[in-house]
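Bear in mind these aren't lab numbers, they're just calculated from the coordinates by the rules spelled out. Predicted model, so just to flag it, every value in this text is computed and none were measured. Note: ideal-geometry Cβ built from the backbone for every residue, glycine included; neighbour counts use all protein chains shown.
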């Protein structure tokens, strides 16, 4: 095949040979240019594929980070509400008028958020919340034990108040009987004796209840002031644990914070609030001391 082509080519005139060679060179040049262009397209396409893959991977990573941050924000907002409810719970112990079952209702509804932090929080955040939770748990048990005797005294005062009213009504009824007997001119000794004895009995019961009531009120007031001071001191101690948790959370959420300034201002505000409460309790003690 090649020999026949060579014989055919050599048999051609020189001008035809030159034209054929030129055509072949042109064809080869075109083929080479096409090959170069195709290679360039393939290289460019490959590069675009790599860049697209990197971009898609970057977008997926960004979306993952955004979803994670959104989840963290939601959990930490709920956790912040639980922390506030926990601190308020200790303050509520000082209010003896709140039923036991209602004391921690708000906190118990929100505290589940704190448990979620163990699943998503970094080590510093988990440690800060563990410290707060441990302090809060021990505080709740301590406040419950200290509050119980005061609640019992308050319940006894309610009983005494009811008895004073009941005994007083019976005493007053005897007074009305005396007036009626006197109005009727009744001089029956046994009847007057019964009414007088009943009156004296009820009067003494009222007097005894009032004496016990006054003594118990004074005791309750003194012990309540001491208990309230313990509640407020505990609220202060728990509140001072908050900045460490706030710092850890904001670092996780990549939210800038001048921690030194924040901590200084926060603690100053807690101290001012505690001083006002202490002054209030001191004002309650002054009349008793005088």
* Asked: Just from the alpha-carbon atoms, what are the Rg and Dmax of segment 74-289 in angstroms?
  -> 27.5, 95
* Contour minus Cα-Cα distance for residue 281 and residue 179 (0.36 nm per residue) -> 31.8 nm
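With a Förster radius of 51 Å, plug the Cβ-Cβ distance of residue 172 and residue 80 into 1/(1 + (r/R0)^6) and report the FRET value to the nearest 0.05.
Working: r = 58 Å, r/R0 = 1.13.
Efficiency, rounded to the nearest 0.05: 0.30.
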* Asked: With labels modelled as points extended 7 Å from the Cα through the Cβ direction, what inter-label distance (nm, one decimal) is found for residue 258 paired with residue 100?
  -> 5.0 nm
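Can you tell me the FRET efficiency between residue 212 and residue 271 if r is taken as the Cβ-Cβ distance and R0 is 41 Å, rounded to the nearest 0.05?
Numbers: r = 41 Å, r/R0 = 0.99.
Rounded to the nearest 0.05, the efficiency is 0.50.
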* When the label point is put 7 Å from the Cα of residue 145 along its Cα-to-beta-carbon vector, which residues of segment 80-105 have a backbone N closer than 19 Å? -> 90-91, 93-94
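If each residue's Cβ is checked for other Cβ atoms within 10 Å, how do 267, 200 rank with the fewest at the top? All intermediate terms of the calculation are to be shown ahead of the outcome.
Working: 267 15, 200 12.
Ranked by crowding around the Cβ, least crowded first: 200, 267.
Return 105, 236, 158 ranked ascending by Cβ neighbour count within 10 Å, so the fewest neighbours appear first. Working shown, then result.
Working: 105 14, 236 19, 158 10.
Going from least to most buried by this count: 158, 105, 236.
Among 224, 192, what is the fewest-to-most ranking by other Cβ atoms within 10 Å? Could the numbers behind the result be given before it?
Numbers: 224 18, 192 15.
Neighbour counts put them in this order, fewest first: 192, 224.
Calculate the FRET efficiency for residue 122 and residue 240 from the Cβ-Cβ distance with a Förster distance of 22 Å, rounded to the nearest 0.05. Before the final figure, lay out the partial values.
Working: r = 22 Å, r/R0 = 0.99.
That pair, residue 122 with residue 240, gives E of 0.50.
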* residue 70 to residue 88: extension gain in nm, 0.36 nm per residue of separation minus the Cα-Cα distance? -> 3.8 nm
